[in-house]
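Note sheet for the following structure.
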Amino acid sequence: MMNDDRVFTLLQHGDSIFPSGSVSFSWGLEMLKNDNLVTSSVGVEDFIESQLHDKWGTFERVVLAHCYEHAKDLQAVIPADNLVECMTLPSELREGSKRLGSALLSTYVKLDNPVAKQYQAFIHDNKAHGHLVVSQGLLWHSIGLPKNPVLTLSAYNFCTSALSAALRLGLISHIDFQMTLTRLGKSISKILTWPVPEIEEIHGFTPVSDIASMRHEKSETRLFIN
Amino acid sequence: MGNLQLEFSTSPGGKTYLKNQYAAYPFHICKAQYFENDPPGMANIYIQSASGGIYEDEALSTNVIAHSSSYSQITTQASTIVHGMPHGMAHHSVDINVTNHSYTEYISDPLILFPESKLCSRINVFIDETSTAVVADSFLLHFLSGDGRVFELLNSSLQINTEDTELLTKDVYRVNSKNFLDNNRSYIGMGTLYVINRADKHQHLLESLQSSMQVNKDVYGGVSYLPNHCGLLVKFLVKDGDVLKKTIQDSWIAIRQYLVGVKPNIRRK
């Protein structure tokens, strides 16, 4: 059980008002809508479910857990950051992940977080990339959150970010948002019971959204960065 | 364990030839062929299978070495059937080493995944800054009439490394019926081409291939830069096998024409 202080910390750092920079990301959803492949709340839920099962759970969760566990040795985290760079093939998703990670680090630097300052220095020296899940693992460890709430917070942030994009794209209503999020919460709970493999075992298979992100690079009508 | 080894080098006259070769069952190759509208002296090798596909518990490996400013293309004679495997699984690995101003294409026809098939496929490319490799990798699901069974698993890994084994790009996925097939069987195959070259951004090629994918209504596809400035990625989903083969062929022609400057002849198979 987390004590009240940690619950407060989790609420503060998971709040949508916390400046994480994810407001301008759709994770491929904008292009899927433009290509008429996602046209309803059911489609939005299928999209996020597939991202959770075949990317977040098999790839990002493992990197996040690894970085959390090695957070006291930043040099040991850099290979994981490099691996995320090598394995995020669509360039918009790759650049977006780094942009979000850097935005999160910048916020924590302004909050006078020493880990954020150290890792940001690695990025400035071209020794690290600062991908989102790497930054999340380091920063949320540094503020004293336990591992499972960190994993949950990362998945929750992804879901609310994608649902917010769906809301602004007119694919779902506010009520759809909450009902979908409730169902996704059950999926996240199941995924969190999966064993965490070695980081060398990470993989992902979300070809439709990957391709959508690749097509988005050439799209002339864009509300979102990816 | 089936094993194929090919080493390409260049004669003093500039013609690429097979300096070393070894083919053990089920692999079979004929002598190198030379075609019009290829780069001068480009050697073409067709890989044939004497067994009719990939079977349970098989471990197949291919090793390609291209150096000394050689030009080569390695392709398969036909699609490769991955047969049903009630108990075990099969492994197929390909290592491609391209160095010293060489150019090689590894354009395999699609893997046809039969019901209950389970395959682990691994491709490793090692390449220096002076060389180019074009790799095509694809799969297609096969459904037997009146049989509800489908393939079980495709574990796929493609790594691009420097000649010193530093990792540049890693594309790893695990496909099963749950994460690939929807109720409508919207897509039954996927094609991926990697244009690997560390010396140039190839922006015109990127834009040309992006446009091709946008207008091709038979596929859902996109094009992007690979990580670490090592080239381009083309990926597309298809609803049938003919479209898969045609899109790989059309993309290969566009890539070859851009990189070499001459439109190649379509390979007869």
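The values are calculated or read from the model by the stated rules, or taken from the named source; none is laboratory data. Computed from a predicted structure; not experimentally measured. Because the Cβ atoms are built from the backbone with ideal geometry, glycine has one as well, and the counts that use them run over all protein chains shown. For accessibility, only protein heavy atoms count, side chains too; no ligands or nucleic acids. Shrake-Rupley method; radii C 1.70, N 1.55, O 1.52, S 1.80 Å.
Scan segment B:171-255 for trypsin sites (Lys or Arg not before Pro) in coil per DSSP, keeping those whose Cβ has at most 11 other Cβ atoms within 10 Å, and list them by number.
Loop-located and lightly packed - B:Lys217.
Among the residues of segment A:197-226, which ones have their accessible area go down by 50 Å² or more when all the protein chains sit together, as opposed to their chain alone (1.4 Å probe)?
Residues meeting the cut-off: A:His203, A:Phe205, A:Ile211, A:Met214, A:Arg215, A:Lys218.
Antiparallel versus total DSSP beta bridges in the protein assembly as shown: what percent is that, nearest 5?
45 percent
Segment B:156-184: which residues show an accessible-area loss of 50 Å² or more, assembly versus chain alone, 1.4 Å probe?
Checking the loss per residue gives B:Lys170, B:Val172, B:Arg174, B:Asn179.
Over chain B, give the accessible area per residue in Å² for a 1.4 Å probe, as an integer.
Counting only protein heavy atoms, the per-residue value for chain B is 42 Å².
For an R0 of 30 angstrom, estimate the FRET efficiency from the Cβ-Cβ distance between B:Glu207 and B:Thr130 and round to the nearest 0.05.
Efficiency at R0 = 30 Å is approximately 0.75.
Measuring from the lowest to the highest alpha carbon on each principal axis, how far does segment A:136-226 reach, largest first, in angstroms?
41, 34, 25
Enumerate by residue number the trypsin sites (Lys or Arg not before Pro) in segment A:1-92 meeting two conditions: DSSP loop (anything except H, G, I, E, B), and at most 11 other Cβ atoms within 10 Å of the site's Cβ.
Answer in residue order: A:Lys72.
Please report the relative contact order for chain A, taking Cα pairs under 8 Å with a sequence separation of at least 6, and give it as a percent rounded to a whole number.
39 percent
Under 19 Å between alpha carbons, and skipping anything fewer than 8 positions from A:Lys110 in its own chain: which lysines qualify?
Of all the lysines, those that pass the test against A:Lys110 - Cα under 19 Å, at least 8 places apart if same chain - are A:Lys98.
With 19 Å as the cut-off, how large is the P(r) tail for segment A:40-216, expressed as percent of Cα-Cα pairs?
Here the long-distance tail beyond 19 Å is 57 percent of all Cα pairs in segment A:40-216.
What is the interface area between chains B and A, defined as buried accessible area summed over both chains with a 1.4 Å probe, reported in Å² to the nearest 100?
2500 Å²
Comparing B:Val134, B:Val175, B:Val195, which has the greatest mean-square fluctuation in the GNM of chain B with Cα pairs linked when under 10 Å apart?
Largest GNM mean-square fluctuation: B:Val175.
Residues of segment B:227-269 with amide nitrogen under 16 Å from the 7 Å Cα-to-Cβ point of B:Lys217?
B:239
Mind telling me which of B:Ser117, B:Ser102, B:Ser208 comes out most flexible in a GNM of chain B, alpha-carbon contacts under 10 Å?
Maximum fluctuation in the GNM of chain B, among the listed residues, is at B:Ser208.
Roughly to the nearest percent, how much of the accessible area of segment A:123-221 is carbon and sulfur, given a 1.4 Å probe?
Of the solvent-accessible surface of segment A:123-221, carbon and sulfur hold 54 percent.
Give or take rounding to whole Å, what are the principal axis extents of the alpha carbon atoms in the protein assembly as shown, in descending order?
Sorted from largest, the Cα extents of the protein assembly as shown read 75, 56, 45 Å.
By how many nm would the segment from B:Asp242 to B:Ser177 lengthen if fully extended, with 0.36 nm per residue of separation less the alpha-carbon distance?
My answer for the length gained is 21.3 nm.
What is the calculated FRET efficiency for B:Gln257 to B:Leu144, with r their C-beta to C-beta distance and R₀ = 60 Å, to the nearest 0.05?
Once the sixth-power term is evaluated, E becomes 0.95.
How high is the FRET efficiency between B:Ser51 and B:His229 when r is their beta carbon distance and R₀ equals 41 Å, given to the nearest 0.05?
Efficiency for this residue pair is about 0.55.
From Cα pairs below 8 angstrom and at least 6 apart in sequence, can you work out the relative contact order of chain B, rounded to a whole percent?
Relative contact order here is 13 percent.
List, by residue number, every residue in segment B:190-227 with a reduction of 40 Å² or greater in accessible area between the chain on its own and the complete protein assembly, 1.4 Å probe.
B:Gln210, B:Gln214, B:Tyr220, B:Ser224, B:Pro227
Going through the cross-link list A:Lys127/B:Lys170; B:Lys178/B:Lys245; B:Lys201/B:Lys245; B:Lys170/B:Lys239; B:Lys201/B:Lys269; B:Lys118/B:Lys178, which pairs have a Cα-Cα distance over 21 Å in this structure?
B:Lys178/B:Lys245; B:Lys201/B:Lys245; B:Lys170/B:Lys239; B:Lys201/B:Lys269
What's the carbon and sulfur percent of segment B:2-260's accessible surface, probe 1.4 angstrom, rounded to a whole number?
Roughly 48 percent, rounded to a whole number.
GNM, chain A, Cα, under 10 Å: largest mean-square fluctuation among A:Asn126, A:Asn148, A:Asn82?
A:Asn126
HN-Hα J couplings of segment B:91-103 from phi, Karplus 6.51/-1.76/1.60, θ = phi - 60°, integer Hz, Gly and Pro as x?
Residue by residue, segment B:91-103 yields 10, 9, 10, 10, 10, 10, 10, 10, 9, 6, 6, 9, 9 Hz.
Accessible area per residue, 1.4 Å probe, Å², for segment A:40-216: what's the number?
Accessible area per residue, segment A:40-216: 39 Å².
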